[in-house]
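Each remark here refers to the structure printed beneath this line.
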Amino acid sequence: MTDIGVRAIRQGVRRGAGRIGAATPPGRDRAVDALRAAAVLGVVLGHWLVTALVSDGRALRTASPLQHMPWLTPVSWMFQTLAVFFLVGGHVATRSHASARDRGIPYQQWLTARLSRLFKPVAAVLTLWTVAAVALLLSGTEFGTVRTLVKLALSPLWFLVVFAGLTAATPLLARLNPLWPLAVVLHVDLLRFGLGGPSWLGWVNVAAAWMVPYTLGGAWTRGELERRRAGWVLLGAGAAVTAALVAWAGYPAAMVGVPGESRSNLDPPTLAVVTFGLAQCGLALLLRERLRHAMRGPVAWAAVACVNLSAMTVFLWHQTALMATTATGLFVGRLPGLHTRPDDLGWVGARLLWLPVFALALAVCRSAFRSFEAGGGGRGRRSRVVRAHRPADRGTAAKARHV
């Protein structure tokens, strides 16, 4: 590509970024969007790095490099970012509900608007994978392979169910101290791990565990986390307790499920993943000012805004992008890092090379299904990128504008 072509591309990017920046109200807290984008992309990259579809003859099965190379466990610490997403979600929802209440908007109308943003993109995923599953079975594909593919494709939906439930309970959770759900998680783990209680008790933590960062987001809205001391306490205490639980209480070091392990920190959630999430939330709070400064750059802000506009589409379709690439590659043969066992450094290096291909496949999915998240392109609908949300404090939290 010539220098003229490169300059033209750069100028085009700057012009597009400038338009997005001009459409963004000056009072918007861009750090919130940056944290949400980082949380979504963290989950996506984490799944792409630790989820392998191994080809064994005619069948595909899931595997994980963490199973064969436990020294890669820190990867799960970097990319298991759900707690940050729930922190931001709780912050935005509690502020949005307060704003709606101040403007006289009924709870049912507020909830319907928020849940429609979550579940409209789901229809496309369910429709496509229902058709794909039937077609695969009719073509003679092994049932185990179809089950593996459908389970991976629909695995993000559990998150939506939990997030929708917490969103619906926002009026009740708006002032709940995060220590209450944390205490529930502690007692559930004590009963099932320490006292030999039934394993099904762990599913109580599916709601209680993610309620902790969600209600922490409510405390952020109330202005209780504005001092940097709060971030340092959460980061230090969360990291210390997590280390103690892993070292002396038998909790796994990986913050994601690992095939073959007798205990998972995520399925269902454990106390360790909650305390680790508190450390992540503390770090996120400490980074707010730096993120606000970084988001003053038009290109950086444009990138974050684009991710936020397609956050649900990216989240729901990233596993499909991985599987589409894997299935297409089978026409060539068993490719390293795509169909081979994730048991050595060669696989890691090959998988890193596949990441841009996964991203390209995801971009295709985004282009095809973005309209579902945008509400079908209905007229009069304003983009969330140009709706302001301001840093909350004690005097203005209830007056913050709807996101």
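The values are calculated or read from the model by the stated rules, or taken from the named source; none is laboratory data. Since the model is a prediction, treat every value here as computed from it, not as a measurement. Note that we place each Cβ from the backbone using ideal geometry, even for glycine, and neighbour counts take in every protein chain shown. These accessible areas exclude ligands, DNA and RNA; they are computed on the full protein's heavy atoms, side chains included. Shrake-Rupley method; radii C 1.70, N 1.55, O 1.52, S 1.80 Å.
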TODO: State the percentage of accessible surface on the chain attributable to carbon and sulfur atoms; use a 1.4 Å probe and exclude ligands, DNA and RNA.
DONE: 66 percent
TODO: With just the Cα atoms of the range 43-164, tell me how far they stretch along each of the three principal axes, in Å, largest first.
DONE: 61, 41, 15
- [ ] Calculate the translational D of the range 246-386 in whole µm² s⁻¹ from Stokes-Einstein, where the hydrodynamic radius comes from the Kirkwood formula applied to all Cα pairs, the temperature is 37 °C and the viscosity 0.692 mPa s.
- [x] 174 µm²/s
Open item on the list: For q values of 0.11 Å⁻¹, compute log₁₀ I(q)/I(0) with the Debye formula on a Cα-only model of the chain, without solvent.
Closed with: -0.89
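In what sequence, highest mean first, do 99-109, 293-303 appear when ranked by Cβ atoms within 10 angstrom?
293-303, 99-109
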Task: Heavy atoms of Thr24: accessible area, 1.4 Å probe, square angstrom to 10 - done: 10 Å²
TODO: Round to the nearest 10 and report in Å² the accessible area of Asp343, as given by a 1.4 Å probe over the protein chains' heavy atoms.
DONE: 60 Å²
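Sort 311-318, 175-182 by the packing proxy (mean of other Cβ within 10 Å over each peptide's residues), most packed first. All intermediate terms of the calculation are to be shown ahead of the outcome.
Values: 311-318: 23.6, 175-182: 16.2.
Ranking the peptides 311-318, 175-182 by packing returns 311-318, 175-182.
For the chain, calculate the relative contact order in percent as a whole number, restricting contacts to Cα pairs under 8 Å that are 6 or more residues apart. Walk me through the intermediate numbers first.
Values: 550 pairs, mean separation 121.2, N = 403.
So the answer I get is 30 percent.
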Task: log10 of Debye I(q)/I(0), alpha-carbon scatterers only, for the range 180-314 at 0.10, 0.15, 0.22 Å⁻¹ - done: -0.42, -0.84, -1.28
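Where Rh is the Kirkwood radius over the Cα pairs of the range 100-222, the temperature 37 °C and the viscosity 0.692 mPa s, what D in µm²/s does Stokes-Einstein return?
Details: Rh = 17.5 Å.
Using the Kirkwood radius from Cα pairs, D works out to 188 µm²/s.
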- [ ] Let me have the 222 nm mean residue ellipticity of the chain computed from DSSP H runs of 4+ only, each contributing -39500 (n - 2.57), with the sum over all residues rounded to the nearest 500.
- [x] -21500 deg cm²/dmol
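Give me Rg over Rh for the range 318-365, both radii from the alpha carbons and Rh done the Kirkwood way, two decimal places.
Working: Rg = 10.5 Å, Rh = 10.8 Å.
That ratio is 0.97, to two decimals.
Select from the chain the helices, each a whole stretch of DSSP H, whose alpha-carbon atoms run 20 Å or more along the helix axis and whose Kyte-Doolittle mean is at least -1.0; answer none if there are none.
3-23, 30-50, 82-102, 107-138, 205-221, 228-248, 271-286, 311-329, 345-373
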TODO: Could you provide, to the nearest whole Å², the per residue accessible area of the chain with probe 1.4 Å?
DONE: 48 Å²
